[in-house]
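Heads up, the thing below is written out as structure tokens.
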Amino acid sequence: MDRACITFEEAVMRLKRGEAVVFPTDTVAGLGISALHAASPAVLYAIKGRPAQKPISWLLPSIEEFFIFGEGISDDTLQLARAFWPGALTLVVHASAHVPAAFASADGTIGLRVPNHPVPLALMGKDGIEGPLVATSANMSGESDADTVEDIDARILSQAPWVESPSLKQAQGLSCASTVLDCTGETFSLLREGSISLSEIEAVLS
């Protein structure tokens with residue numbers, strides 16, 4: 001592979017230094033840092049050229065962390081998490097005290113999901129950073145999402161190399177971003193419809 005590429009072990013070391021890496025997910029290619037080792041998401045904004053007021057979601061290693069980093073989670077919200085996680089549904093909830101202020105949105109919320117892909121799950125696991133990833137799509141702000149390393153802008157890879165792990169299946173994503181649902185109000189609000197449709201969400205709640 002002639003594109004910027006590092007091993008899984010090198011990626012873990014970078015993440016523990018607060019640096020960014022690019023990795024495959026079950027949706028589109030992700031650009032991420034360790035929530036436990038980086039001081040803020042500033043490096044992700046700088047790499048993407050993304051406006052700093054746009055919050056960045058977290059990937060969780062399992063549903064158990066939902067109650068650590070989320071707060072005020074309703075029964076319906078938990079029902080959706082159990083139905084679609086691991087998978088392509090991002091649930092926006094109130095951030096708990098375990099979320100540093102630098103990573104929460106201006107109104108104190110955070111988007112959370114458990115991915116259905118072996119690479120980010122391994123990065124967050126016992127042989128990795130043992131905690132969540134702060135992750136966004138691996139594309140320049142305003143440009144199309146990328147699914148494979150061949151699709152990623154060289155400006156991204158020059159600052160955040162691709163994680164190549166032969167021992168983990170580099171499964172193809174869905175070429176579609178996750179669906180984002182705001183669960184902080186009295187009723188749910190669809191912020192972005194991705195690979196999970198509103199009708200699928202409504203079917204679970206009904």
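Filter the stretch 29-52 down to the residues that are in a loop (DSSP other than H, G, I, E, B) and within 14 Å of Ser105 (Cα to Cα), then identify the one that is most open to solvent (accessible area, probe 1.4 Å). Spell out how you get there, then give the answer.
Taking the stretch 29-52 and keeping what is in a loop (DSSP other than H, G, I, E, B), we get 29, 35-41, 49-52.
Filter once more, so that each one left must be within 14 Å of Ser105 (Cα to Cα): 40-41, 51-52.
Values: Ser40: 39, Pro41: 10, Pro51: 52, Ala52: 74 Å².
Applying the filter and picking the extreme gives Ala52.
When residues of the stretch 118-130 are filtered for being of a type in the set (Gly, Ala, Ser), in contact with a helix residue (DSSP H, G or I) (Cβ under 8 Å, 6 or more places away or on another chain) and in a loop (DSSP other than H, G, I, E, B), how many remain?
First pass over the stretch 118-130, keeping only residues of a type in the set (Gly, Ala, Ser): 122, 125, 128.
Still in the running and in contact with a helix residue (DSSP H, G or I) (Cβ under 8 Å, 6 or more places away or on another chain): 122, 128.
Now drop any that are not in a loop (DSSP other than H, G, I, E, B), which leaves 128.
The total comes to 1.
How many of the residues in the stretch 47-96 are in contact with a Ser or Thr (Cβ under 7 Å, 6 or more places away or on another chain), basic (Lys, Arg) and at pLDDT 95 or above?
Residues meeting the conditions: 1.
Considering only the stretch 81-91, I want to know if a residue exists there that is part of a helix (DSSP H, G or I), of a type in the set (D, E, K, R) and touching a Leu at 6+ places or on another chain (Cβ under 7 Å). Spell out how you get there, then give the answer.
So the first thing to find is which residues in the stretch 81-91 are part of a helix (DSSP H, G or I), and the list is 81-84.
Okay, now just the ones that are also of a type in the set (D, E, K, R), so 82.
Cutting the leftovers down to touching a Leu at 6+ places or on another chain (Cβ under 7 Å) gives us none.
Scanning the stretch 81-91 turns up no residue that is part of a helix (DSSP H, G or I), of a type in the set (D, E, K, R) and touching a Leu at 6+ places or on another chain (Cβ under 7 Å).
What is the residue count in the stretch 12-28 for residues that are crowded, with 24+ Cβ neighbours inside 10 Å, in contact with a strand residue (DSSP E or B) (Cβ under 7 Å, 6 or more places away or on another chain) and assigned to a loop (DSSP other than H, G, I, E, B)?
Number of matching residues: 2.
Within the stretch 65-99, which residues are within 20 Å of Ala52 (Cα to Cα) and either without any contact (Cβ under 8 Å) to a residue 40 or more places away in the chain or surrounded by 20 or more Cβ atoms within 10 Å (Cβ to Cβ) (or both)?
Scanning the stretch 65-99 gives Thr90, Val92, Val93, Ala95, Val99.
How do the pairs read when you match residues in the stretch 113-133 that are under 19 Å from Ser178 (Cα atoms) and open to solvent by 10 Å² or more (accessible area, probe 1.4 Å) with residues anywhere that are at pLDDT below 95 and not small (Gly, Ala, Ser), using Cβ under 8 Å and keeping only pairs 6 or more apart or on different chains?
Asn116/Asp26; Pro118/Leu168; Pro118/Lys169
The values are calculated or read from the model by the stated rules, or taken from the named source; none is laboratory data. Just so it is clear, the structure is predicted and the values come from calculations on it, not from any experiment. With ideal geometry, Cβ positions are generated from the backbone for all residues, glycine too; neighbour counts draw on all protein chains shown. Accessible surface is based on the protein model in full, side chains and every heavy atom, while ligands, DNA and RNA are left aside. Shrake-Rupley method; radii C 1.70, N 1.55, O 1.52, S 1.80 Å.
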